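Here's the structure, in structure tokens; my notes come after.
The values are calculated or read from the model by the stated rules, or taken from the named source; none is laboratory data. As the structure is a computational prediction, the values presented were derived from the model and not from experiment. Every residue, glycine as well, gets a Cβ built from its backbone with ideal geometry; the counts of neighbours run over all protein chains shown. Ligands, DNA and RNA are stripped out before the accessible areas are found, and what is left, the full protein with its side chains, is counted by its heavy atoms. Shrake-Rupley method; radii C 1.70, N 1.55, O 1.52, S 1.80 Å.
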Amino acid sequence: MTKVLQTKIFETPLYPYKRSPDQDAEQIVRHPVIVIGAGPIGLGAAIDLAMQDVPVVVIDDNDKVSWGSRAVCYAKRPLEILDRLGCGDEFVDKGVIWNLGKVFFDERQVYDFDLLPEDGHKRPAFINLQQYYFEQYLVERAFELQRQGKPIEIRGMNKVTDVDQKNDGARVSIKTPDGPYQLDTDWLIVCDGASSPVRQMLNLDFDGRIFEDNFLIADVIMEADFPVERWFWFDPPFNRGQSALLHSQPDNVWRIDLQLGWDIDKEVEKKPENVIPRLKAMLGEDAKFELEWVSIYTFQCRRMEKFRHGHVIFAGDAAHQVSPFGARGANSGLQDTDNLCWKLKLVIDGVAPDSLLDSYDWERVLGAEENILNSTRSTDFITPKSDASRAFRNAVLDLAEHFEFARPLVNSGRLSVPAVYDGSPLNGADDAGLPIRTRPGAPFIDAPIGDEWLGDKLGNKFQLLAINIDVAPLELVEGVEVEILSIDTSKLASDAFKDRYLGDAKSAIYLMRPDQHVAARWTDFDEGKVKAALLNTIGRG
């Protein structure tokens with residue numbers, strides 16, 4: 001039953017080809033924004049823009065979800081972004097929720113960890129969900145917006161064959177079942193994956209490290225009684241000298257990663273007659289399972305030098321690539337578009353200068369560098385390159401079983417956390433004495449507000465979080481409205497919000513960006529300072 005369901009998802013066109021009036025127009029039609037790629041990142045960008053009434057066309061050479069589970073681990077911050085996009089519940093309801101992980105060395109558990117050890121958050125640390133469901137739910141959200149009259153369109157079986165950059169946009173050449181046509185656009189957002197044909201068409205760089213080790217991914221359908229946790233093995237008896245990872249997914253699908261080593265024949269290793277014995281060595285000779293998807297990959301940690309090239313902007317794996325351990329790929333891609341779309345809206349509306357988009361480069365390159373650093377360190381720990389580094393790795397694992405000080409040194413993949421844009425040119429004032437975790441540049445930290453959640457009240461606009469302070473409505477600043485959100489901590493049953501936003505302070509004012517990041521904060525209200533910070537955040541400081 002499960003296998004039939006998966007096959008139907010893979011084979012059913014979600015956005016089948018339809019001839020567009022643009023293909024019959026006498027002149028090349030111009031659109032405000034075109035997104036290339038209908039994967040999670042491209043769809044996320046398009047939904048974000050459409051919700052802000054920015055007309056957007058998504059083009060993709062496919063018309064179905066991606067084959068195979070691919071990305072499966074989605075962290076708390078991207079789930080909050082999906083909430084802001086109006087579709088988070090679908091993902092969490094379907095996904096496998098987990099917070100706990102365990103690390104094994106040989107047959108011994110050396111320690112475990114909890115990624116969300118505190119209460120007072122709406123969303124869990126992680127969910128596991130196959131990428132095909134992720135894409136399906138985003139497509140359904142796009143169609144829901146269409147029915148509401150929002151300006152979003154997905155064109156399947158539209159393959160980009162050329163991109164010609166212009167000073168004021170780009171011209172895109174497209175191949176369809178009915179023949180070729182061209183479109184012009186003011187802004188082109190490129191989300192066409194790690195191999196990015198568009199990046200290659202424009203002869204743009206993609207530099208970094210490619211590691212020699214090969215890893216087998218096998219998604220298997222089986223009924224098993226493993227707990228819903230992340231299990232990682234170093235040097236297990238079923239894969240000696242290598243590593244292994246086990247994760248649960250919905251529909252009795254399990255993700256298994258097995259390190260294979262350097263010199264292998266990838267096509268031979270992917271054959272079922274070679275995959276199945278490896279899995280039985282791990283699961284037991286009597287284990288009953290079916291293969292759903294098999295792939296082999298190498299670790300790659302690379303990025304473009306710049307993500308913005310005039311009116312052509314790259315996001316997701318097209319802009320940066322990291323190894324899968326740590327779940328930093330799709331998670332960071334959603335944070336790219338979360339960062340980009342509110343800025344692009346302000347620029348399109350003439351509220352902000354074009355230079356505001358340079359802050360996308362600044363902030364998201366910082367995020368990519370952080371991910372690449374963590375991913376590279378994970379790779380070096382998981383796959384030691386010398387006898388000395390292997391001896392160090394094994395000694396750390398032995399110590400971690402008994403001594404807490406050694407556990408932070410164990411690196412089975414530093415799991416995705418949101419980037420904090422410390423030092424961003426958009427950051428404003430930061431009064432002393434407020435909690436460091438909600439400083440300017442940081443994403444909001446969720447907390448219960450009565451019967452609701454703070455995250456459900458934030459986003460998609462500039463807001464002033466007035467905590468224990470009465471603030472009168474603000475006048476428009478350069479056409480930007482700032483919503484006042486007043487919170488009296490004496491009326492809250494939990495101290496979580498107070499601890500996360502006040503600390504020892506009696507009151508505070510937080511200027512929040514549309515992407516739910518903190519722009520500036522003070523312990524008292526000064527309208528002039530708030531307006532100055534807002535101008536800085538929209539690039540007019």
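Less than 5 angstrom separates the built amide H of Arg30 from those of Asp184, all sequence-distant by 5 or more or on a different chain. Here the contact order of region 280-324, divided by its residue count and restricted to Cα pairs under 8 Å and six or more residues apart, works out to 37 percent. Taking all protein chains as present, what is the carbon and sulfur share of the accessible area of the chain, in % to the nearest whole number, probe 1.4 Å? Carbon plus sulfur share of accessible area: 48 percent. Over the chain, Cα pairs under 8 Å with separation of 6+ residues give a relative contact order of 14 percent. Close amide H partners of Asp162, meaning residues 5 or more places away or on another chain with modelled amide H under 5 Å apart, are Ser173.
Taking all protein chains together, Asp317, Asp207 sort by accessible area into Asp207, Asp317, largest first [probe 1.4 Å].
Secondary structure note: in the chain, about 70% of the DSSP beta bridges are antiparallel. Ignoring lysines fewer than eight residues from Lys175 along the same chain, the ones with Cα atoms less than 30 angstrom from its Cα are Lys8, Lys18, Lys64, Lys150, Lys159, Lys166, Lys306, Lys345. Each other residue within a Cβ distance under 10 Å of Trp231 adds +1 if Lys or Arg and -1 if Asp or Glu, for a net charge of 0.
Using the Cβ of Pro21 as centre and a radius below 14 Å, the other residues enclosed give a net charge of -1, where K and R count +1 and D and E count -1. Show which lysines lie in cross-link reach of Lys102 when reach means a straight Cα distance below 20 angstrom and same-chain residues fewer than eight apart are skipped. Result set, ordered by chain and number: Lys76.
Hand me the chymotrypsin sites (Phe, Trp or Tyr not before Pro) from region 313-410 located in a DSSP loop with no more than 11 other Cβ atoms within 10 Å, in residue order please. Here the sparse-neighbourhood loop sites are Phe403. Work from the charge dipole of region 73-174 (Cβ charges, +1 for Lys and Arg, -1 for Asp and Glu, about the Cα centre) and give the residue of Ile81, Phe126, Gly95 farthest towards its positive end. Sorting the options by dipole projection puts first Ile81. Take every DSSP beta bridge whose two residues both sit in region 27-142; close to 75 percent of them are antiparallel. For His402, His247, the ranking by accessible surface with the largest value first comes to His402, His247, using a 1.4 Å probe. The mean accessible area for residues of the chain, using a 1.4 Å probe and ignoring ligands and nucleic acids, is 41 Å² per residue. Under a straight-distance cross-link criterion of Cα-Cα below 20 Å, which lysines are reachable from Lys491, leaving out those fewer than 8 residues away in the same chain? Partners within reach: Lys122, Lys457, Lys506.
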